[in-house]
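Encoded as structure tokens, the structure appears first; notes follow it.
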Ligand code: HEC
């Protein structure tokens, strides 16, 4: 078992940048970036703002993933659910946003 750890850690380190891009690709594919940007407000708040607001809350990732998957209300406005309807995509996006 022990001998597996190093190669795995290495693989994870090498894969990390690719994973970050994959998450951005999911956001692009689902049109999120039409209304959101990472660090400036567009129609919607920047993802850095969202991360700041959510960080430290219990279940932040689960709540965000649920919001992305099913849509919901923020204030008075409805937010559309993710186009792909994929729970995996929603989870990946929640993680991506919270890591900002
Ligand atoms: C048509 C424009 C539009 C699109 C497309 C869009 N959003 Fe939003 N989003 C908004 C607006 C506007 C808000 C601010 C709250 C509101 O009015 O619903 C928001 C708020 C949010 C929030 C903050 C929720 C909170 O609790 O403060 C998150 C997270 C979010 N969007 C994620 C996403 C993701 C992920 C996608 C793609 C799957 C996406 N949005 C696509 C416009 C959009």
### Filtered residues of segment 24-42 (kept if within 20 Å of residue 87 (Cβ to Cβ) and loosely packed, with under 13 Cβ neighbours inside 10 Å)
25, 28, 31
### Task
May I ask you to list the residues in segment 65-85 that are surrounded by 13 or more Cβ atoms within 10 Å (Cβ to Cβ), touching a residue at least 12 places away in the same chain (Cβ under 8 Å) and more than 13 Å from residue 27 (Cβ to Cβ)?
65, 66, 67, 69, 79, 81
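May I ask you to list the residues in segment 87-97 that are touching a helix residue (DSSP H, G or I) at 6+ places or on another chain (Cβ under 8 Å) and either in contact (Cβ under 8 Å) with a residue 60 or more places away in the chain or surrounded by fewer than 17 Cβ atoms within 10 Å (Cβ to Cβ) (or both)?
Of all residues in segment 87-97, those touching a helix residue (DSSP H, G or I) at 6+ places or on another chain (Cβ under 8 Å) come to 87, 89-97.
Selection gives 87, 89, 92, 93, 95, 96.
Condition check: without any contact (Cβ under 8 Å) to a residue 60 or more places away in the chain, closer than 22 Å to residue 86 by Cβ and surrounded by 12 or more Cβ atoms within 10 Å (Cβ to Cβ). Does residue 48 satisfy that?
Taking the combined requirement at face value, the residue does not satisfy it.
Just so you know, all these numbers are worked out from the coordinates, no wet-lab data involved. Not measured: the values here are computed from a predicted model. Using ideal geometry, Cβ is built from the backbone for each residue, glycine included, and neighbour counts are taken over all protein chains shown.
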